[in-house]
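Trainee: Can you read through this structure? Questions will come right after.
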Amino acid sequence: MNEATNKTNEVILSVQEVSKSFGGVRAVVGVSFDLRRGELLGIIGPNGSGKTTLVNLITGFVKPDSGSVKYEGQDITGWMPYRIARLGIARTFQMIRPFAELPAFKNLIIPLFSPRVKTLSGGKYGDLDSVAKDLLEEVGFERESSVTYKAAGSLPHGYLKRLELAKCLALRADLIILDELFSGLSIAELASIVPIIEKLMVEGKTVIMIEHRLRELFRIANRVVVLNYGHAIADGKPSEVMERDDVKQAYLGTE
Amino acid sequence: MKQRRKERIDRGTKARSDDIFALTSYREMLYVAVPPVLPVIALLVMPLILPPYWQKVLLQTTIFALLAISWDFLVSVGMVSLGQALFFGMGAYVAGCLDHYAGLPIWLTIPLATVFGGALCTVLLLPVLRLRGVYFSMVTLVLPLMLERIIEATGMLGGTEGLTGIKPFGNSWVEMYVVIIVLLIALFGFRRLVTTDYGLVLKAIKDNDRSVMSAGINIYWMKAQALFISGSVGSFCGAYITHVYMFVGMPDFALDYSILPLASAVVGGMGTFAGSVMGAFILVPLSEALRNVGGLRIVLYAMSLVVFIVLLPEGIFHYIQRKYQQFERWVEVEG
Ligand SMILES: Nc1ncnc2c1ncn2[C@@H]1O[C@H](COP(=O)(O)OP(=O)(O)OP(=O)(O)O)[C@@H](O)[C@H]1O
Ligand SMILES: [Mg+2]
């Protein structure tokens, strides 16, 4: 914890002028931002504004046409996704597809099996099953409840989202990128997930949240970047950003 | 009004839990032990009672069962191969060359061919590991045919004649039991492997490779390892058959070695390995039995394949397993 506090304010992720086109579609155009350790950054924007593409650019699933991404000072532009993940960048996917046939807790075996976890735990894996069950408890699966053992494919939506969060925890990531984690959740489910994210922040993690649920996002985010047609049109405190006319227009769709 | 209805009950023992089950009586112990133990005993006894011709069929069957297992394993990692013949032929040629050119003894050629054959196949397929689905399948289908033509065109490694005079096993009991033991090891080894953490990760690649990558796992390295494992099993088969027939040649890359294992796994039930073995033990002897029929052999064979797949699309093994774990009875219900 001490170490984490010492390092706050240090730039952990630096995105510089990244662009990506798909055929004629300019999905992301010259987007830049710096992210400091311990920040919770929201990325918002209308449908198709390039949010998911930006996540893919940071995590290596899409290679940028130009621009660079640095993590902890290291240039990771164009790296393979698994190498980037090993540095401690975890992400969730907008379309959640769990390892459907595996019981919920066995889904965590995959991130727990990664070389990163092995290195961090001193070169041996140990009993991953019990670690996995502990992690599920951390994200709100009741201990020894039947959901833990249920095939992930049959889990209710709220549990699936928590399972995705647990995967990020399993990787012991420092930077966690959540692509529309809140979508499709009821108010009650949200109320149980928000504290988990707040706890991550207390632990010194850095989080990027792509969100359409602005009200819920603004309660926890200290900063938002607004994308529109691939451009970052605003970057700042939620309250200030939402006052801007161009942001309002982007959201209302008026020209 | 009273009506009769069929009721289906799951047996209590081992019910649905692979992890924890308590055995409370001899009957339950038998219930759990019989399915794996009985076929093993049958397999070990068969060579002692079969006539010589059917012993040869048993040997063939065992080889195809092994190939089917190696195919099933690759599929479980998301690689649908149409070219087990590549693995088979590679092992056959490596063993043949080690015997013919280097004069190595049989107890060296087979293990060496198993490892190097597997490695060669992996290296050959490395460039296409990134291809998914049908694109990967196409390449595996074409590669053995291509190697066959290269050997034909260049005349190397014996060309169209092949290499003859390869050392035989010398003892037919050793010959028979080597392959049976290897099959049993492979069967139980693979069944065990897929339940380990390593095996789970391999299977997860098939489910969702992006999710596996974002967990920091190099899926291409994992797939290469799976290819090596599967390739080695296939290569063992080729190397073994080379010594049985004392010959290696272009037929070792034949399409049969690609298609029959696939058919066995599908008919028997994919993803269980036991199904692959079961499928091979039905299809290969069936194909032999149909030899007497003459011209219509292929037609009958194809028809029986279709019948199996239409009647039991889940595979014979899954069907039997389900039936074994349930029993049905008629009950009276108020209508
Ligand atoms: N792999 C791809 N191939 C072609 N076009 C793509 C691809 N990925 C994204 N696009 C296009 O890029 C644009 C941005 O898409 P992106 O998914 O990044 O938007 P988004 O902000 O995440 O939208 P949403 O809020 O609907 O999730 C869209 O026009 C989309 O059609
Ligand atoms: Mg999106």
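Trainee: Just to verify a result, which residue in the stretch A:165-218, among those that are within 16 Å of ligand 1 (Cβ to nearest atom) and acidic (Asp, Glu), is nearest to the chain's Cα centre (by Cα)?
Mentor: My answer is A:179.
Trainee: Any idea which of (1) farther than 26 Å from residue A:146 by Cα; (2) within 16 Å of ligand 2 (Cβ to nearest atom) is the one residue A:67 doesn't satisfy?
Mentor: (2)
Trainee: Just need a number here: residues in the stretch A:57-90 that are more than 10 Å from every other protein chain (Cβ to nearest Cβ) and either closer than 17 Å to residue A:179 by Cα or of a type in the set (Asp, Glu) (or both).
Mentor: 6
Trainee: Now, a different point. For the stretch B:75-110, give me each residue that is surrounded by fewer than 24 Cβ atoms within 10 Å (Cβ to Cβ) and in a helix (DSSP H, G or I).
Mentor: Of everything in the stretch B:75-110, those that are surrounded by fewer than 24 Cβ atoms within 10 Å (Cβ to Cβ) and in a helix (DSSP H, G or I) turn out to be B:75, B:76, B:97, B:98, B:100, B:106, B:107, B:108.
Trainee: Related question: Among A:45, A:50, which is out of contact with any helix residue (DSSP H, G or I) (no Cβ under 8 Å at 6 or more places or on another chain), within 14 Å of ligand 2 (Cβ to nearest atom), on the phi > 0 side of the Ramachandran plot and at pLDDT 90 or above?
Mentor: A:50
Trainee: Still on this structure, please answer the following. From (1) assigned to a loop (DSSP other than H, G, I, E, B); (2) buried (at least 22 other Cβ atoms within 10 Å of the Cβ), pick out the condition that doesn't hold for residue B:121.
Mentor: (1)
Trainee: Now, a different point. Quick check: is even one residue across the stretch B:174-181 more than 14 Å from chain A (Cβ to nearest Cβ) and in contact with a His (Cβ under 9 Å, 6 or more places away or on another chain)?
Mentor: Yes, the conditions are met somewhere in the stretch B:174-181.
Trainee: Criterion first (surrounded by 21 or more Cβ atoms within 10 Å (Cβ to Cβ), of a type in the set (A, V, I, L, M), touching a residue at least 60 places away in the same chain (Cβ under 8 Å) and farther than 15 Å from residue B:95 by Cβ) does residue B:222 satisfy it?
Mentor: yes
Trainee: Exactly one condition in (1) within 15 Å of ligand 2 (Cβ to nearest atom); (2) under 23 Å from residue A:159 (Cα atoms) is false for residue A:109; which is it?
Mentor: (1)
Trainee: Of all the residues that make up the stretch A:118-133, how many are at the interface with chain B (Cβ under 8 Å from one of its Cβ atoms) and buried (at least 18 other Cβ atoms within 10 Å of the Cβ)?
Mentor: 1
Trainee: In the list B:295, B:216, B:269, which residue meets the criterion of being within 14 Å of chain A (Cβ to nearest Cβ) and without any contact (Cβ under 8 Å) to a residue 60 or more places away in the chain?
Mentor: It is B:216.
Trainee: Here's something else I'd like to know. Looking at B:33, B:68, which is the one that is in contact with a Pro (Cβ under 7 Å, 6 or more places away or on another chain) and either in contact (Cβ under 8 Å) with a residue 60 or more places away in the chain or among the aliphatic types (A, V, I, L, M) (or both)? Don't jump to the end; show me each part of the working.
Mentor: Numbers: B:33 fails: in contact with a Pro (Cβ under 7 Å, 6 or more places away or on another chain).
Selected residue: B:68, the only one of B:33, B:68 that is in contact with a Pro (Cβ under 7 Å, 6 or more places away or on another chain) and either in contact (Cβ under 8 Å) with a residue 60 or more places away in the chain or among the aliphatic types (A, V, I, L, M) (or both).
Trainee: Taking the criterion of being open to solvent by 30 Å² or more (accessible area, probe 1.4 Å), within 16 Å of ligand 1 (Cβ to nearest atom) and assigned to a strand (DSSP E or B), would at least one residue in the stretch A:1-20 satisfy it?
Mentor: Looking for residues that are open to solvent by 30 Å² or more (accessible area, probe 1.4 Å), within 16 Å of ligand 1 (Cβ to nearest atom) and assigned to a strand (DSSP E or B), one finds at least one in the stretch A:1-20, hence yes.
Trainee: Suppose we keep only residues that are open to solvent by less than 20 Å² (accessible area, probe 1.4 Å) and within 13 Å of ligand 1 (Cβ to nearest atom) within the stretch A:219-252. Which one would you say is farthest from residue A:164 (Cα to Cα)?
Mentor: Within the stretch A:219-252, the match that is farthest from residue A:164 (Cα to Cα) is A:250.
Trainee: Applying the selection to the stretch B:276-301, what residues are among the aliphatic types (A, V, I, L, M) and either in contact with a Gly (Cβ under 9 Å, 6 or more places away or on another chain) or at pLDDT 80 or above (or both)?
Mentor: Correct list: B:277, B:278, B:280, B:282, B:283, B:284, B:286, B:289, B:290.
Trainee: Take the residues in the stretch A:99-116 that are open to solvent by 10 Å² or more (accessible area, probe 1.4 Å) and within 8 Å of chain B (Cβ to nearest Cβ); name whichever of them is nearest to residue B:208 (Cα to Cα).
Mentor: This residue is A:100.
Trainee: Would you mind stating whether residue B:85 is aliphatic (A, V, I, L, M), on the phi < 0 side of the Ramachandran plot and within 15 Å of the chain's Cα centre (by Cα)?
Mentor: Here the answer is yes, as residue B:85 does meet what is asked.
Trainee: Among the residues of the stretch A:135-158, what is the count of those that are more than 21 Å from the chain's Cα centre (by Cα), surrounded by fewer than 18 Cβ atoms within 10 Å (Cβ to Cβ) and assigned to a helix (DSSP H, G or I)?
Mentor: 4
Trainee: Determine the pairs where a residue that is without any contact (Cβ under 8 Å) to a residue 12 or more places away in the chain, located within the stretch A:108-136, has a partner that is among the hydroxyl-bearing types (Ser, Thr, Tyr) and open to solvent by 50 Å² or more (accessible area, probe 1.4 Å) with Cβ atoms under 8 Å apart, the partner being 6 or more residues away or on another chain.
Mentor: Every condition considered, the pairs that remain are A:118/A:125.
Trainee: Something else about it: Quick one: how many residues across the stretch A:163-212 are within 16 Å of ligand 2 (Cβ to nearest atom), buried (at least 18 other Cβ atoms within 10 Å of the Cβ) and either more than 23 Å from residue A:105 (Cβ to Cβ) or within 14 Å of chain B (Cβ to nearest Cβ) (or both)?
Mentor: Looking only at that region, the number is 10.
Trainee: Of all the residues that make up the stretch B:159-218, how many are at positive phi and open to solvent by less than 40 Å² (accessible area, probe 1.4 Å)?
Mentor: Qualifying residue count for the region: 3.
Trainee: Can you report the number of residues in the stretch A:30-40 which are touching a residue at least 24 places away in the same chain (Cβ under 8 Å), in a strand (DSSP E or B) and more than 16 Å from ligand 2 (Cβ to nearest atom)?
Mentor: The total comes to 6.
The values are calculated or read from the model by the stated rules, or taken from the named source; none is laboratory data. These numbers were taken from a predicted model, which means no experiment stands behind them. Note that we place each Cβ from the backbone using ideal geometry, even for glycine, and neighbour counts take in every protein chain shown. Remember, those area values only see protein heavy atoms, side chains included, never the ligands or the DNA or RNA. Shrake-Rupley method; radii C 1.70, N 1.55, O 1.52, S 1.80 Å.
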